[in-house]
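Single-structure report; data block below.
Every number in this text was worked out from the coordinates using simple rules, so none of it is lab data. All figures in this text were calculated on a predicted structure; none of them were measured in a lab. Don't worry about glycine lacking a Cβ; one is built from the backbone with ideal geometry, like all the others, and counts go over all protein chains shown.
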Amino acid sequence: MGEWTEAFLAEDRENDSIFEAVRWLICAPAETAEPEAYWYMYAAQGFARPMLSSLLQQQRIQLKEFFDTHYPRRDRMPVQEEIYKVLSKETGGKKWGLFR
């Protein structure tokens, strides 16, 4: 996955392509993971990190909202928490609530 990420970013990519790659990495475990691949797909989310800075603010907000809905803070793996912090920082801060 790391080699794919490097090759993907080495090419001149349009924003929509980068967003779709990041969206897939972040959303696929929650939406499509089979038990055999579930944890591998979560771990692969770390490869989204170098692509986050290429996203538009509205795209980061959309991904942050997906995190809020599908990956509760209490259940997040460390790599997910790192991604969430980047998305929060770049979208104007954290969403405060009773359980945050």
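Descriptive notes on the structure:
- Counted residue by residue at 0.36 nm each, then reduced by the alpha carbon distance between them, the extension gain from M1 to Q58 reaches 17.9 nm.
- Radius of gyration and maximum dimension Dmax of the stretch 2-89, Cα, Å: 12.5, 37
- Top of E34, E65, E11 by mean-square fluctuation, Gaussian network on the chain, Cα under 10 Å: E11
- With helices as the sole contributors, the chain gives -18500 deg cm²/dmol at 222 nm; each DSSP H run of n ≥ 4 counts as -39500 (n - 2.57), and the sum is divided by every residue.
- For F66 and D12, a Förster radius of 22 Å and the Cβ-Cβ distance give a FRET efficiency of 0.25, rounded to the nearest 0.05.
- Build a GNM of the chain with springs between Cα atoms under 10 Å apart, and of Y38, Y71, Y84 the one that fluctuates most is Y38.
- Candidates L25, L56, L87, ranked by Gaussian network fluctuation over the chain, Cα under 10 Å, top entry: L56
- Amide H contacts of Y71: none lie under 5 Å away among residues 5 or more positions distant or on a separate chain (H built 1.01 Å from N in the peptide plane; Pro and chain starts excluded).
- Here each label is just a point 7 Å from Cα along the line to Cβ, and for R23 and W39 those points are 3.0 nm apart.
- Average Cα contact separation per residue, the chain, under 8 Å, 6 or more apart, as relative contact order %: 29 percent
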